[in-house]
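What follows is a short report on a single structure.
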Amino acid sequence: MDSEEFWTWSIIFRNMVLEKKFPMKKLLILKIGLVLLCFQWGEQVSAQVAFFFESLGLVKIHVTFRDSSYQTMLDKSGVGIIQVPTSLPPGYAVLYEPHSINYFYLVPGKKQSIHKYFDGHLEFDGEGKTINEYLNGKFLNTLNLSYEQPEEDFLKEWELLPERLQSHLDSLLLPENFKRLERKRLYYQACNMLQAYPLYRARKLRINRYSPQESYYRQVGKTMKEDEEAYELWEYRQAFKNRIRILAEKFTENKPLEQLRYALRYAQDSVRDSRLTDYLVHTFMYEHLRNFGAKDVEEFLPIYKKKVNNLARKAEFDKIYQQYSNLAKGRKAPDFLFPDINGKPVSLSGLSGKYVYIDVWATWCFPCRRELPLLQQLEERYREKPIHFVGISIDDDEGAWKRKVKTDNLRGIQLHADKNSTFRNDYQISLIPRFILIDPEGKIVDAKMSRPSESETVTFLDSLFY
């Protein structure tokens with residue numbers, strides 16, 4: 001999972017915590033201190049950033065700052081060190097810890113400290129204190145729009161949002177150089193909130209896709225203008241990506257490959273800033289690989305090679321492209337060996353001779369649980385056919401998996417994946433539920449197989465057996 005995808009899912013997780021969908025059984029206090037110490041190493045000046053977690057140790061944390069990621073493993077006492085070059089100018093940073101994220105303003109070469117309580121309360125000291133109190137204050141963290149209302153009413157409410165954000169910022173005593181950039185960030189944050197409406201509306205109506213009216217597309221189009229000074233802002237890059245995605249969905253009728261083709265053409269022909277084009281081409285290609293695998297991607301590789309010059313992105317893309325190429329149709333499926341519900345070890349190679357339809361799931365995953373009854377219907381439909389139905393749980397809590405299997409009387413072959421195994425990496429498991437189809441010879445038919453709830457699943461399986 002790349003840093004921006006992680007950031008998006010972290011926001012969802014944070015909101016679920018705030019809505020008390022994950023009740024806290026006890027208050028865990030985390031104290032995080034950032035101490036920046038300058039030192040000379042050859043000709044490179046760096047800043048050591050020390051983290052102190054009062055009640056958490058032996059976990060990995062990382063900070064993303066100016067297109068780079070800095071990570072460390074905390075020791076038993078909760079202490080860890082990262083190094084940030086002091087030559088970098090101050091800017092927005094994100095601290096990722098095991099159960100939450102924090103957006104903060106990092107000033108390389110200066111002392112800063114953050115005291116965080118797991119109920120969400122934050123205390124700041126040192127450089128950037130007032131800025132960080134603003135960024136993590138109640139106003140921004142409770143900001144929301146009424147996504148459930150009809151489109152016309154939503155647009156009227158949204159039109160008031162940019163001025164509302166700017167007025168709040170203007171009322172605060174903050175450094176003017178920060179306010180100048182923050183005004184841009186707030187504007188593009190509002191743009192992202194506008195662009196989220198079709199997704200939320202579809203969920204409200206319980207449909208797969210919501211098609212907005214032309215007035216919505218006009219509003220989205222009016223909001224977006226290139227601004228090279230805003231490139232460093234995640235909100236700006238995300239807003240541009242979302243705008244192109246919305247247009248691609250409008251003009252391609254939900255066909256993923258056509259959407260990718262449209263998005264890449266737009267990024268090449270309509271975006272002037274080469275840095276933004278670099279980012280967009282990489283992001284669209286990378287996300288397509290993660291969602292649909294390497295099939296039919298070859299035709300776009302020359303575009304990627306021509307437009308993407310960022311070395312870190314190219315290395316990231318080359319790695320995932322190779323991994324997904326290894327999961328292409330006809331490739332030998334990576335073997336695995338996991339215990340079933342009775343503790344008996346079961347391997348993929350031991351299931352050869354029949355097709356294998358794998359469901360990767362977890363008890364805490366609502367979309368996964370929603371597919372389970374439909375999966376059982378598939379099992380009944382093909383009960384006499386040469387196919388194994390295998391559920392692989394990635395629950396950290398093995399007991400929760402066992403209780404779910406027994407309570408729901410789940411059939412098929414139910415396995416529990418060891419979190420230390422290479423299974424998730426071998427099959428590039430980033431989001432669940434995930435379904436995989438393997439043929440009787442142990443070769444991959446589809447590493448991104450359709451779900452039991454999708455009609456094409458029955459159509460394809462019927463073509464194998466009837």
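Numerical summary
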quantity	calculated
Given charges at Cβ of Lys, Arg, Asp, Glu: the chain dipole, positive-most of Cys365, Ile101, Gly399	Gly399
Approximate spin-label separation Ile207-Leu311, in nm, with each point projected 7 Å along Cα-to-Cβ	5.0 nm
Value at 222 nm in deg cm²/dmol, rounded to 500, when DSSP H runs of n ≥ 4 in the chain each add -39,500 (n - 2.57)	-13500 deg cm²/dmol
Listed residues Asn177, Phe139, Pro198: farthest to the positive end of the dipole of the range 85-227 (Cβ charges)	Pro198
Within the range 165-248: Cβ-based charge dipole about Cα centre, in debye rounded to nearest 20 (Lys, Arg +1; Asp, Glu -1)	660 debye
Computed label-point distance, nm, for sites Gln71 and Ser421 using a 7 Å Cα→Cβ extension	2.2 nm
Those lysines that a straight Cα-Cα span of less than 16 Å connects to Lys305, excepting residues fewer than 8 apart in one chain	Lys314, Lys319
Candidates per GluC sites (Glu not before Pro) in the range 415-466, loop by DSSP, up to 16 other Cβ within 10 Å	Glu441, Glu454
In the range 345-421, GluC sites (Glu not before Pro) in a DSSP loop with at most 10 other beta-carbon atoms within 10 Å	Glu384
All aspartates and glutamates inside 14 Å of Lys419 as judged from Cα atoms, apart from same-chain residues fewer than 8 positions distant	Asp395, Asp396, Asp397, Glu398
DSSP-defined beta bridges in the chain - what % are antiparallel, rounded to 5	85 percent
Of the DSSP H helices in the chain, those whose Cα atoms cover at least 15 Å axially and whose Kyte score averages -0.5 or more	3-18, 274-292, 455-465
Of all accessible heavy-atom area on the chain, the percent that carbon and sulfur account for (1.4 Å)	51 percent
Spatial separation of Cα centroids for the range 173-204 and the range 293-346, in angstrom	34 Å
Cα centre as origin, Lys/Arg/Asp/Glu Cβ charges: the chain dipole, Debye	460 debye
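The values are calculated or read from the model by the stated rules, or taken from the named source; none is laboratory data. Remember, it's a predicted structure, so these values are computed and weren't measured experimentally. So basically every Cβ, Gly included, is an ideal-geometry build from the backbone, and we count neighbours across all protein chains shown. What goes into the accessible areas is simple: the full protein's heavy atoms, side chains included, and nothing from ligands, DNA or RNA. Shrake-Rupley method; radii C 1.70, N 1.55, O 1.52, S 1.80 Å.
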